[in-house]
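The values are calculated or read from the model by the stated rules, or taken from the named source; none is laboratory data. All figures in this text were calculated on a predicted structure; none of them were measured in a lab. Surface areas here come from the heavy atoms of the whole protein model, side chains and all, with no ligands, DNA or RNA. Shrake-Rupley method; radii C 1.70, N 1.55, O 1.52, S 1.80 Å.
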Amino acid sequence: MALRLFLVGALTVTMCLLVGTVGLKIGHAVAAVLLGFYLRGTSLAPSISPFARS
């Protein structure tokens, strides 16, 4: 569980840095997909889902 939270945090920071500095490219899109898969498996998923729908 700790490793999963670390990966979610690391991928979130990576996505923010990559999108903010150089725009979205193929490698960045792959990181975004991985972030989504890891977020889906965390306890944050139920609170993110209504936010994403609105």
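Both radii were evaluated on the Cα set of the chain; the Rg over Rh quotient, with Rh as the Kirkwood radius, amounts to 1.00. Hey, what angle do you get for helix 2-22 against the long axis of the chain, alpha-carbon based, 0 to 90 degrees rounded to 10? On a 0 to 90 degree scale, this one is about 30. Rolling a 1.4 Å probe over the protein heavy atoms gives the chain an accessible area of 75 Å² per residue. For segment 2-52, with all protein chains in place and a probe radius of 1.4 Å, 78% of the accessible heavy-atom surface sits on carbon or sulfur.
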